[in-house]
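**Student:** One structure coming up, written as C-alpha cells, with questions to follow.
The values are calculated or read from the model by the stated rules, or taken from the named source; none is laboratory data. Computed from a predicted structure; not experimentally measured. Note that we place each Cβ from the backbone using ideal geometry, even for glycine, and neighbour counts take in every protein chain shown. Side chains are part of the model used for accessible areas, which takes the heavy atoms of the whole protein and leaves out ligands, DNA and RNA. Shrake-Rupley method; radii C 1.70, N 1.55, O 1.52, S 1.80 Å.
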Amino acid sequence: MAERFTETLRAASEPGWSDAVGHRFVKELFAGAVPDAVMARYLIQDHRFLDSFLTLLGAALATADTFEARLRFGRFIGMVSGEENTYFLRAFEALGVTGDRRAADPDTEPTAGFKAIMREAADTRSYAAALSVLVVAEWLYLDWASRAPQPLPDNFVHAEWIKLHDNPNFRGFVDFLRTELDRVGPAQADLCRDFFRRAVALELSFFEVAWLEPE
C-alpha cells in the first residue's frame, strides 16, 4: 500500500518536525513547569495570528471542492472563534497579561512569518496550498499533545492548552485535513512540499523564541 501523501510530507520535513514535537517547551508543558513569563509570551504571540488563521480557514472553505468539506471548515471556524478564543482570554487573566501588554508586545519573527505564510497560502486560491499549512498547524500540535502523560498538570493554563489539541473533535478534524490533502495534494506536490516545509520550520522557531528573554 502506498504511503499517505501527508506522511511523505512529514518525513520530508524532518528533523524539524520531531524537534518541534519533542521541544523543551512541550516537555515542560506536560510537567506543568513552563514559567508564567514564558507561557505569557507564547500565548500572546499565538493569539496574535488568530486573525490570519481565520483568513486561511476561510480560504480553505472558499476553495474546497465539496459541500461536506465546506461544512466541516464552517464548524471548525466557529469553534476557533468561540471556545479556543475564550481559553486565551481566561489564560491571559490568570497570567496577569493586560490588554495593553498584549497590544504592546511586538510580533516575534516566527509570528510575523506565520501571519505571512497563512495569508500567502490563502492568496494562492489553491485548496492544496491552504491545506498544506493547516495540516502542519493542526497535525503537529496533535502529535505533541497526544503524547502528554496522565494526569495532566493542575494549572488549567497548561492542561487546557494540551486538551484543546488532543480531544476527539480535534483528532477528527486533523484526520479530515490529512485525508483532504492526501486526495488533492499529489496534483500540486511541489507547492504542497514548499508550504509544508516552511510551516514546520516556523512551528519549531515559534517554540524556540518563547524561551528567549525579550531584548
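**Student:** Based solely on C-alpha atoms, express the radius of gyration and the Dmax of the stretch 47-136 in angstrom.
**Tutor:** In order Rg, Dmax, the Cα atoms of the stretch 47-136 give 14.7, 44 Å.
**Student:** Let me ask you something else. In the calculated pair distance distribution of the stretch 117-215, what percentage of Cα-Cα distances lie above 16 Å?
**Tutor:** 62
**Student:** Same structure, new question: Hey, any idea what % of the chain's accessible area is carbon plus sulfur with a 1.4 Å probe? Let's see the in-between values first.
**Tutor:** Values: 5300 of 9970 Å².
Carbon and sulfur atoms account for 53 percent of the accessible area of the chain.
**Student:** What share of all Cα pairs of the stretch 175-215, in percent, falls into each consecutive 10 Å distance bin?
**Tutor:** Calculated over all Cα pairs of the stretch 175-215, the distribution is 25, 36, 23, 13, 2 percent.
**Student:** Which order do the peptides 174-181, 97-104, 48-55 take when ranked by the mean count of other beta-carbon atoms within 10 Å per residue, highest first?
**Tutor:** 174-181, 48-55, 97-104
**Student:** Given the chain, what whole percent of its Cα pairs are spread farther than 21 Å? Provide the component values of the computation, followed by the final result.
**Tutor:** Details: 12234 of 23005 pairs.
When all Cα pairs of the chain are counted, 53 percent exceed 21 Å.
**Student:** Using the heavy atoms of the protein chains and a 1.4 angstrom probe, tell me the accessible area per residue for the chain in square angstrom.
**Tutor:** Averaged over the residues of the chain, the accessible area is 46 Å².
**Student:** Which value, in debye to the nearest 20, describes the size of the charge dipole of the stretch 3-79 about its Cα centre when Lys and Arg Cβ atoms bear +1, Asp and Glu Cβ atoms bear -1, and nothing else is charged? Before the final figure, lay out the partial values.
**Tutor:** Values: 9 positive and 10 negative charges, 35 e Å.
Charge dipole of the stretch 3-79: 160 debye, to the nearest 20.
**Student:** Dipole size in debye (nearest 20) for the stretch 156-208 around its Cα centre, Lys and Arg Cβ +1, Asp and Glu Cβ -1?
**Tutor:** Working: 7 positive and 9 negative charges, 17 e Å.
Computed charge dipole of the stretch 156-208: roughly 80 debye.
**Student:** Got a sec to turn the phi values of the stretch 184-191 into Karplus ³J(HN,Hα) couplings, 6.51 cos²θ - 1.76 cosθ + 1.60 with θ = phi - 60°, whole Hz, x for Gly and Pro?
**Tutor:** These are the phi-based 3J(HN,Hα) values: 9, x, x, 6, 10, 4, 5, 4 Hz.
**Student:** Whole-Hz Karplus ³J(HN,Hα) for the stretch 131-141, in order, using 6.51 cos²θ - 1.76 cosθ + 1.60 and θ = phi - 60°, x for Gly and Pro?
**Tutor:** Using θ = phi - 60°, the values come out as 4, 4, 6, 5, 4, 5, 4, 9, 5, 4, 5 Hz.
**Student:** Okay, next question. I'd like the FRET efficiency for Leu71 and Ala94, computed as 1/(1 + (r/R0)^6) with the beta carbon distance as r and R0 of 41 Å, rounded to 0.05.
**Tutor:** For Leu71 and Ala94, the calculated efficiency is 0.75.
**Student:** Same structure again: Using 1/(1 + (r/R0)^6) with R0 = 45 angstrom and r between the beta carbons of Arg119 and Asp154, what's the FRET efficiency to the nearest 0.05?
**Tutor:** After rounding, the FRET efficiency stands at 0.75.
**Student:** Taking the stretch 104-148 as the region of interest, what is the percent of Cα-Cα pairs per 5 angstrom bin, listed from the shortest bin to the one with the maximum distance?
**Tutor:** Calculated over all Cα pairs of the stretch 104-148, the distribution is 5, 20, 20, 20, 17, 12, 5, 0 percent.
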